[in-house]
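Accompanying notes for the structure given below.
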Amino acid sequence: MLNNSALIFPNQCCTALDIEETRNFRVTVRTLANYLARVCGSVPPGFRITVKGKWGEEDISYYYDADE
């Protein structure tokens with residue numbers, strides 16, 4: 001996981017989510033980054049969760065922010 005800075009999910013994982021529920025992705029990316037920092041000693045630069053867009057829409061990425 002340290003060699004890959006992005007976890008990519010298909011669009012189906014969030015099609016039923018409202019905008020407010022995307023907070024869960026921010027919490028998930030922060031939780032995974034904290035885990036990597038503890039277990040591996042570092043977090044890959046640009047670590048993020050990306051949700052693929054469907055039908056030509058843009059992908060949405062949730063980046064880890066160490067200052068949050």
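The values are calculated or read from the model by the stated rules, or taken from the named source; none is laboratory data. Nothing here was measured: the structure is a model prediction, and the numbers come from that model. All Cβ positions, glycine included, derive from the backbone under ideal geometry; neighbour counts span all protein chains shown.
The residue list Ala37, Ala66 contains one member that is over 15 Å from Ala6 (Cα atoms), surrounded by 14 or more Cβ atoms within 10 Å (Cβ to Cβ) and more than 13 Å from the chain's Cα centre (by Cα), which is Ala37. Could you check, for the range 43-53, whether at least one of its residues is out of contact with any helix residue (DSSP H, G or I) (no Cβ under 7 Å at 6 or more places or on another chain), at pLDDT below 75, surrounded by 13 or more Cβ atoms within 10 Å (Cβ to Cβ) and not acidic (Asp, Glu)? No, every residue in the range 43-53 fails to be out of contact with any helix residue (DSSP H, G or I) (no Cβ under 7 Å at 6 or more places or on another chain), at pLDDT below 75, surrounded by 13 or more Cβ atoms within 10 Å (Cβ to Cβ) and not acidic (Asp, Glu). Applying a threshold of 7 Å to beta carbon distances and a minimum spacing of six or more residues, or different chains, the list of pairs starting in the range 44-68 at a residue that is within 19 Å of Thr28 (Cβ to Cβ) and in contact (Cβ under 8 Å) with a residue 24 or more places away in the chain and ending at one that is surrounded by 16 or more Cβ atoms within 10 Å (Cβ to Cβ) and of a type in the set (Gly, Ala, Ser) reads Phe47/Ala33; Tyr64/Ala33.
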